[in-house]
Amino acid sequence: MSPDIPLLSNLTAVDNVSLIMRFHTKSKDIKIFQTLDKLFSDLKIADIKCLKPSFLDEKAVFTVKLLRAAMMPESVMLIDRPFFMIKNMADIRPVRETLALLDTHFSKCIITDYEWHSGRYGDLIEQFNRV
Amino acid sequence: MRRYIESIGLKAVAKRDEIKSFFRFMTICFKGIFSGSFFNRAVFDILIIQIYFTAYELLGLFLLLSVVYGSIFIGIVLQTVKSLGLVQYLGDIIMGIVVLEMAPLVTVFLMALRSSSAVNAEIAVMKANHELDALQAFKIDPMEYLFVPRVISFMLSVTILSAIFSIVVLFSGFVFTKIIFQMSAGMYTDLIARSVSLTDLLVMFFKSLTFGFLISVIPIYHGWNTKYQVTAIPVAVLRGMMSVFMAIILVEVISLVLRLTLNYL
């Protein structure tokens, strides 16, 4: 996920996420949407799931992008410049908390950012990749 | 002088490359229609939505236009036929001019105005906003997910709406022949049946499919080929729509030549 890879503007938040599963997997629609309902609720963004991206704030867009990236089967998730995507975020904790909620869906995540943001990553610094 | 000739040469080479690129894109789209990609449920949903937008949503306005314009036009044609004493050619005139030529043309112009421009702008906006890149980043081919469903829906919509227009005009023709020539329903049906040939119907069918293909592929190509700038969107729509109108005229001319040739053989 990257600032250069936006959500699709003509789809709602939940459809942006479900598209990946519906296109790449053979899971039934009802199961996909039940899973997404639970994830949106767990991430406390259930109220925005039927909104289109232009109505979402920075944090909601970031969370939906994160969720969408997590839905891609058999892939490495790469988060490119998270502090560029959510500018008023103090440190990486909200992202870690969100990732923790999604931990059943992936095993590896790499974050890339500028060196001067390194102080905001805490103990994640060992995984920090300099840009 | 040399620089001037070089600039003409460069322009010609650029134009040739653009035409080659368009034909390559058109070939990929054409192959995509038969690839069966719409069996994927996400793609199938797009196909249904597109048919809804291009054909179903237009249906009310289209029927109104067919009844009003078609009836008035056929009324004038029949009046002229009567005043010129060409009653024996009535069936050929209704089928040959009004049904086989006018129906696909009116349909395609209406669809180009309403839907081609929308598709052109939609794809150009998606390109400028990097949304096509987003699809590719998630291993979703825009050709498969966005372009092919639109092309198929346009081809189906133009063919179906042309058929509807023809039916409406034929019914109006029946009403007017009853009023002007006091012709019975049986006589009218017989007259139309004798005037229609399988070749004409096939030409009309393939012409409608070709129209549908071109008025979708051309705007999609121009939208897809636009730059990553919002200011490039109006230029893409303008160029796309100009090309669509030129393609419509070209197909119409080719089909007329084809019909003339087939009638002479």
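Computed from the coordinates by the stated procedures, all read-outs in this text should not be read as laboratory data. Please read these numbers as outputs of a predicted model, since none were measured by experiment. Methodologically, a virtual Cβ is constructed for each residue, glycine included, from the backbone with ideal geometry; neighbour enumeration extends over all protein chains shown.
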Study note, to complete from the structure: Rounded to one decimal in nm, the spacing of the 7 Å Cα→Cβ label points at B:Thr261 and B:Arg2 is 4.6 nm
Practice item. Using a 10 Å cut-off on Cβ to Cβ distances, tally the other chain neighbours for every residue of B:129-138 and report the average as a whole number. Key: 6
**Study point:** Sum of -39500 (n - 2.57) over DSSP H runs of 4+, divided by residues of chain B (222 nm, nearest 500)
**Key:** -25500 deg cm²/dmol
Practice item. Over the residues of the stretch B:112-228, compute the C-alpha Rg and express it relative to 2.2 N^0.38 Å. Key: 1.55
Check your understanding: Farthest toward the dipole's positive end in the stretch B:38-264, which of B:Thr231, B:Ile76, B:His130, given Cβ charges of +1 (Lys, Arg) and -1 (Asp, Glu) about the Cα centre?
Key -> B:Ile76
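Can you pull the Kirkwood radius for the stretch A:13-130, inverse mean 1/r over Cα pairs, to one decimal in Å?
15.0 Å
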Review point. Taking the Cα centre of the stretch A:13-130 as the origin, how large is its charge dipole in debye, to the nearest 20, when only Lys and Arg (+1) and Asp and Glu (-1) carry charge on their Cβ atoms?
Key: 340 debye
Review point. Given a cut-off of under 8 Å on Cα pairs at least six residues apart, what relative contact order in percent is computed for chain A?
Key: 27 percent
Revision key, fill the gap. Checking the stretch B:83-174 for trypsin sites (Lys or Arg not before Pro) in a loop per DSSP with at most 13 other beta-carbon atoms within 10 Å yields B:Lys139
Point to revise | Among A:2-8, B:117-123, the order from most to least packed when residues are scored by Cβ within 10 Å on average | key: B:117-123, A:2-8
**Study point:** Nonlocal amide H pairs with A:Met77, under 5 Å, H built at 1.01 Å
**Key:** A:Lys108, A:Ile110
Point to revise | In degrees, nearest ten, helix B:41-51 long axis to first principal axis of chain B (Cα) | key: 50 degrees
Review point. By how many degrees, between 0 and 90 and to the nearest 10, does the Cα long axis of helix B:71-84 differ from the longest principal axis of chain B?
Key: 50 degrees
Revision key, fill the gap. Per the Cα gyration tensor, chain B corresponds to an equivalent ellipsoid with semi-axes, largest first in Å, of 40, 23, 16
Review point. Which helices, counted as full DSSP H runs in chain A, have an axial Cα extent of no less than 15 Å and a Kyte-Doolittle average of 0.0 or above?
Key: A:13-24, A:58-70
Study note, to complete from the structure: Extend 7 Å from the Cα of A:Thr112 along its Cα-to-C-beta direction; within the stretch A:52-86, residues with backbone N under 15 Å of that point are A:76-85
Check your understanding: Between the stretch B:60-80 and the stretch B:129-188, what is the C-alpha centre distance in whole Å?
Key -> 18 Å
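Take peptides B:251-261, A:25-35 and line them up by average Cβ neighbours within 10 Å, highest first, as a rough protection proxy.
B:251-261, A:25-35
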Review point. To the nearest 500 deg cm²/dmol, what mean residue ellipticity at 222 nm is calculated for chain A from DSSP H runs of n ≥ 4 alone, each contributing -39,500 (n - 2.57), summed and divided by the residues?
Key: -12000 deg cm²/dmol
Point to revise | Euclidean distance of C-alpha centroids, the stretch A:35-62 and the stretch B:28-50, integer Å | key: 29 Å
Practice item. First check a/c for the protein assembly as shown, with a ≥ b ≥ c the square roots of the eigenvalues of its C-alpha gyration tensor; if it is under 1.5, answer rounded, and if not, answer prolate when a/b is larger than b/c or oblate otherwise. Key: prolate
Check your understanding: Considering the dipole of the stretch B:1-129 built from charges on the beta carbon (Lys and Arg +1, Asp and Glu -1) around the Cα centre, which of B:Met111, B:Leu61, B:Gln88 is farthest to its positive end?
Key -> B:Met111
Check your understanding: Using a simple spin-label model with points 7 Å from Cα along the Cα→Cβ vector, what separation in nm is obtained for B:Ala118 and A:Lys28?
Key -> 3.4 nm
